[in-house]
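The values are calculated or read from the model by the stated rules, or taken from the named source; none is laboratory data. Bear in mind that the values here come from a model prediction, so they are computed numbers and not experimental data. Here the Cβ positions follow ideal geometry from the backbone for every residue, glycine too, while neighbour counts run over all protein chains shown. Each accessible area value is taken on the protein alone, full model and side chains, heavy atoms only, with ligands, DNA and RNA left out. Shrake-Rupley method; radii C 1.70, N 1.55, O 1.52, S 1.80 Å.
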Amino acid sequence: MKQTPHQKGTVEQEGKTYSATYWIERGIVTVSSFDLGQKSTQLGGMTPLTLAQLLLHELIAKSLRSPSNR
């Protein structure tokens, strides 16, 4: 399976808009953000965009829990 072109996904959380790039390669969705890092998971029953947005929410939550952001 080929890698899909990189696409942009955004989410709003706590009044702030976050964006990241995501792509699919070999059934794995990867989300990457300069400020938040990178996270991957297997593509399941969700659409790639929905899964990318979920991963981005997880990166945001991790960032907000980080001691450097308190």
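Ser68 is checked against (1) under 13 Å from the mean Cα position of the chain (by Cα); (2) open to solvent by 40 Å² or more (accessible area, probe 1.4 Å) and fails just one. What number does that condition carry?
Single failed check for Ser68: (1).
Suppose we keep only residues that are more than 16 Å from Leu64 (Cβ to Cβ) and at pLDDT 95 or above within segment 9-22. Which one would you say is surrounded by the most Cβ atoms within 10 Å (Cβ to Cβ)?
Per the criteria, the residue is Tyr22.
If you scan segment 30-58, which residues turn out to be in contact with a Ser or Thr (Cβ under 6 Å, 6 or more places away or on another chain) and open to solvent by less than 30 Å² (accessible area, probe 1.4 Å)? Before the answer, list the steps.
We begin by selecting, within segment 30-58, every residue in contact with a Ser or Thr (Cβ under 6 Å, 6 or more places away or on another chain); these are 30, 32, 36, 38, 40.
Within segment 30-58, just Thr30 meets the criteria.
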